[in-house]
Structure formats: structure tokens, C-alpha cells
Amino acid sequence: MSSYLYRGVSEQMYREHNGRLIPKKSGEFTYTFHWDEPGLKYDSGATYDASETNAVHRHQLNQEGFPTSGISTTPHLNQAKVYARGRDGRSAGYVFRIDRSKLADQGVREYVVAKFVKDPSIPKDEEVILVTKGSKPLPEQVVTEVIEVAAR
């Protein structure tokens, strides 16, 4: 297991959030799937009720950016740089380096997507979703470095 996780954000998002990592939504990290929702497969591992497992599934499903109280990260610096630069690679951004050894002490839970989802939407990301107490920003104590990423 990697000692660090990385989160890439655009320059615009970095400025809007004052250099903090904030979940897209407040509230519990749970989700209930509905019978008519597209994309979920029968044997995916999702449950019938509100659960954290379902929140992991929904958070990463088809890389739609569905808002949850989780924050996406990857153990791969180069993958985080891709997200910082945007889909076309023409934007500048920032990558947060996060020390995994400090997460539990700060009350941050980790959800390794591959442990919950048989077929992750972006397997090479090896996504880890971080969830803070009370949907608060990721504590500054776990961020060891903010790396500026130039546009290509």
C-alpha cells in the first residue's frame, strides 16, 4: 500500500475553495440505489438499502462526478496531474499530497474502491475515497505538500 495519496484539482477549483479539499456534498457517506438508475449491474456488489458500499459505487460510477461527501484520490502522482490539468491538458492546477498514516488520527476514513466495486470505472486510478467527519474539508494536518502543475 502506498504511503501517500494524491488529489489533482484545477486552478479554478483550488482558488474557489481557498486551497482546501472539500467534498461536493454534505451529509452521511451513504446512498440508496433506485430501480431505474442506469449503469449499475446486477452482480456489482451494491446493496438494496442505504449503505456506504452503495456510496462508493455511486461516487465512481461511470466517472460522472456524482456529488457525495467523499473526496477522490489516487496513489499515483501522474494520474493526479492528469486531473489537475483537465481533460484536454491545457489547464494549470494543483496536486495535494496526502499522508495516509495521518488519516485515522484526524478521523478521516478511507474507502479503496476496488475492495467495493468489481469493475471500477477507471481501474488505473486505483481510487481511494476519503471521507471526513461532518463532511468538513480535509484536515490540513494530512496534506504534506501542494504541488503546482503547469498546463501542457
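A short reminder: the numbers here are calculations on the coordinates, not readings from a lab. It should be emphasised that the depicted structure is a prediction, and the values quoted were computed from it without experimental measurement. We place every Cβ from the backbone using ideal geometry, glycine too, and count neighbours over all the protein chains shown.
Straight-line reach from LYS118: which aspartates and glutamates fall under 17 Å, measuring Cα to Cα and dropping same-chain residues less than 8 apart? Leaving aside aspartates and glutamates fewer than 8 places away in the same chain, those within reach of LYS118 are ASP43, GLU52, GLU126, GLU127. Which of VAL95, PRO23, VAL56 sits closest to the plus end of the dipole of the chain, meaning its Cα is farthest towards the positive end, when Lys and Arg get +1 and Asp and Glu get -1 on the C-beta? The one lying farthest along the dipole's positive direction is VAL95. Each peptide in 100-110, 1-11 gets a packing score, the mean of other Cβ atoms within 10 Å over its residues, and the list from highest to lowest is 1-11, 100-110. For the chain, modelled as a GNM whose springs connect Cα atoms under 10 angstrom apart, the maximal fluctuation among SER44, SER135, SER72 occurs at SER44. When the chain is described by a simple charge dipole with +1 on each Lys and Arg Cβ and -1 on each Asp and Glu Cβ, the residue from LEU77, PRO67, GLY45 located farthest towards its positive end is LEU77.
Only Cα pairs under 8 Å and 6+ residues apart enter the sum, and on that basis the relative contact order of the chain stands at 35 percent.
Spin-label pair HIS17-ASP105: with each label point 7 Å from Cα along the Cα-Cβ axis, the two points sit 2.3 nm from one another. The modelled label-to-label distance for the pair THR32/ALA114, using points 7 Å beyond Cα in the direction of Cβ, is 3.3 nm. Rounded to the nearest 20, the size of the Cβ-charge dipole of segment 30-152 about its Cα centre is 360 debye, with Lys and Arg at +1 and Asp and Glu at -1.
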